2 protein chains.
Amino acid sequence: MNHPFDSACALDSVGPGRYRGHAPAAYWNMAGPFGGTTAAVLLRAALLEQPDGVEPVALTVNYCAALVQGGFEIDVRPQRSGKSVRHVSVELVQGDAIAASASVVLALRRDTWSCQTAKMPDVPPADAVPAMDAGERLPWLQRYEFRFVSGAMELQAQPFAEPRSARSVLWVADSPRRALDHLSLAALCDVFFVRVFQVRGTLVPAGTVTMTVHFHAAADEIAAQGDSPVLGVADAQTFTRNFGDQSAQLWSSRGRLLATSTQLAWFKA
Amino acid sequence: MNHPFDSACALDSVGPGRYRGHAPAAYWNMAGPFGGTTAAVLLRAALLEQPDGVEPVALTVNYCAALVQGGFEIDVRPQRSGKSVRHVSVELVQGDAIAASASVVLALRRDTWSCQTAKMPDVPPADAVPAMDAGERLPWLQRYEFRFVSGAMELQAQPFAEPRSARSVLWVADSPRRALDHLSLAALCDVFFVRVFQVRGTLVPAGTVTMTVHFHAAADEIAAQGDSPVLGVADAQTFTRNFGDQSAQLWSSRGRLLATSTQLAWFKA
């Protein structure tokens, strides 16, 4: 039986650069599926007809409207293919309207000088941190193991009297476990709860409008992580006039920065 | 006479959603024009046919190939227009090939709860910091006033023995001065020298492949800055296998976070 993440990324070819997929019930969120699987299926479509060795280095996903249950189509259009870098544009159409789009930068990565200036936080190992009880209400929460080191979300009926820190540090993995790849890494970048909930301590109408992922690890380095949890660090800089940002880092268990992301989420009131 | 930045953003309508512009000699860099003006002209095209009050909140620019001297065309395609958020796709074509593309998120911004969690660095005022001598070699350097508080670039024939900090803090303004708007703010997000030069202390073949800007200030808040320099903070997290990242903040002189950006730059060797 397929892992639910692979089922969520399943695509059938229906023409040149055109694929058909299905909004994944197993990853359903409050309105539509978890944005991480949408990011992953758009990325997968961009990769399907690429030559061997071409890997994603950057992905921007624009969430134009909530997906509804049922099928969708994805159109892939190469924009430019240079010697070492390729640009691809992808659109997800549901019911004659664009529900999501992505731009993907791909490259053949070679060994170069390297230098990691960011430092992984000093945290206990994943198996020393208890897993969050995901409850049974939201399917997508059950598709991940969340082990909060700090900044677990506390929700109340009323907002906190003073805004709290936007920072969360957690070990996170697919549930059931699945070997990490670029697709699941893209999805993991969207696994952090909307920062406006975190800072205010209450739910407000909100949703991510755009997410950008930078992949800092190549396929062999990502594969080395296997199915062990990655360390996620999420934070935010500002919330104002309907929009708040979020930045995230995803670290391998050995302290390698695998991916970073930023996103902008709309919120109301 | 027009400000050179406005000339760089000038577009003539040549059909529905189609515009003609010109690669700006006044902003020429080593190969092609400064990426900031390319970002600005793509953003301007996305804004041209929007209703009053609609403002940019996010912009991702993909640099597919260096622009060459001469004209270009820009195609604007609305992807989805919701009640409060709009998504627009933009492509810049030169010589029958896509040289740059952008996705733009637009919104009508309203007053909401707000909270700025990021803090502006404590720095001397702009007029207490000497301006860098931009030399006469690269036109685009002469279009900006760079006042480095820390992390001014030091270039040598040979790389530093040990990598240095990727962080730079500087006051920066258009030269000649120009009142700040969303377009110049987008361009300013690309004004930081490629971080791989900064860390290694030497020039290597390099170029930005993608940049994402989040606008945290609305038009009235940006206008309040006038033509005073903004404080830029640039940093990086990692450089590996041909790619290095960059994050940036742009602060108003009064400590308001106006925009943040991330980019990924290709480098060789």
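For B:LYS83, the lysines whose Cα comes closer than 16 Å to its Cα, not counting residues fewer than 8 places off in the same chain, are A:LYS268. With N as its number of residues, the stretch B:167-269 has a Cα radius of gyration that, divided by 2.2 N^0.38 Å, comes to 1.11. Per residue of peptide A:99-107, the mean number of Cβ atoms on other chains within 10 Å of the residue Cβ is 4. The Cα atoms of the stretch B:85-147 define a convex hull whose projected area, averaged across directions, is 8.9 nm². Spatial offset of the stretch B:122-147 relative to the stretch A:243-257 amounts to 33 Å, using the alpha carbon center of each. The translational diffusion coefficient of the stretch B:68-199, from Stokes-Einstein at 37 °C and 0.692 mPa s with a Kirkwood hydrodynamic radius over alpha carbon pairs, comes to 175 µm²/s. Each label was represented as a point 7 Å from its Cα along the Cα-to-Cβ direction; for A:ALA10 and A:ARG77 these points are 2.9 nm apart. Per-residue Karplus couplings for the stretch B:13-23, computed as 6.51 cos²θ - 1.76 cosθ + 1.60 with θ equal to phi - 60°, are listed in order as 6, 10, x, x, x, 10, 9, 10, x, 9, 4 Hz, Gly and Pro entered as x. Taking 23 Å as the straight-line reach from the Cα of A:LYS119, the lysines in range (excluding those fewer than 8 positions away in the same chain) are B:LYS119.
Protein heavy-atom accessible surface, 1.4 Å probe, per residue over chain B: 39 Å². For the protein assembly as shown, which whole percent of the accessible surface, found with a 1.4 angstrom probe, sits on carbon and sulfur atoms? Using a 1.4 Å probe with all protein chains present, the protein assembly as shown comes out at 50 percent carbon and sulfur. Protection proxy ranking of B:191-202, A:34-45, by the mean of other Cβ atoms within 10 Å over each peptide's residues and highest first, is A:34-45, B:191-202. Report summary: the helix-based calculation at 222 nm, which adds -39500 (n - 2.57) for every DSSP H run with n ≥ 4 and divides by the residues of chain B, gives -3500 deg cm²/dmol.
Summarising the label geometry, the points placed 7 Å from Cα in the beta-carbon direction at B:LEU203 and A:ARG164 lie 5.2 nm from one another.
Between B:ASP111 and B:ARG18, the simple label model (points 7 Å from Cα in the Cβ direction) yields a spacing of 4.5 nm. Of the GluC sites (Glu not before Pro) found in the stretch A:110-193, those that fall in a DSSP loop while having at most 12 other beta-carbon atoms within 10 Å are A:GLU136, A:GLU154. Chain B packed on chain A takes about 5500 Å² of accessible surface away from a 1.4 Å probe, both sides summed. Each peptide in A:101-109, B:209-217 gets a packing score, the mean of other Cβ atoms within 10 Å over its residues, and the list from highest to lowest is B:209-217, A:101-109. Legend: translational diffusion of the stretch A:18-60 by Stokes-Einstein, Rh = Kirkwood radius over C-alpha pairs, 25 °C, 0.890 mPa s; D = 207 µm²/s.
Given chain A reduced to its alpha-carbon atoms as identical point scatterers, what log10 I(q)/I(0) does the Debye formula return at q = 0.07, 0.08 Å⁻¹? For the requested q values the scattering log ratios are -0.24, -0.31.
Counting Cβ atoms of other protein chains within 10 Å of each residue's Cβ and taking the mean over peptide A:211-221 gives 4. Mind pulling up the Rg/Rh value for the stretch A:128-202? Radius of gyration and Kirkwood radius, both on Cα. A ratio of 0.99. In units of the compact-protein estimate 2.2 N^0.38 Å, the protein assembly as shown shows a Cα radius of gyration of 0.92.
Peptide A:75-82 shows a mean partner chain C-beta count of 3 within 10 Å per residue C-beta. Dividing the mean sequence gap of close Cα pairs (under 8 Å, 6+ apart) by how many residues chain A holds gives a relative contact order of 17 percent.
The values are calculated or read from the model by the stated rules, or taken from the named source; none is laboratory data. Just so you know, these numbers come straight off a predicted model, no measurement behind them. Using ideal geometry, Cβ is built from the backbone for each residue, glycine included, and neighbour counts are taken over all protein chains shown. In case anyone asks, the SASA skips ligands and DNA or RNA and just uses the protein heavy atoms, side chains included. Shrake-Rupley method; radii C 1.70, N 1.55, O 1.52, S 1.80 Å.
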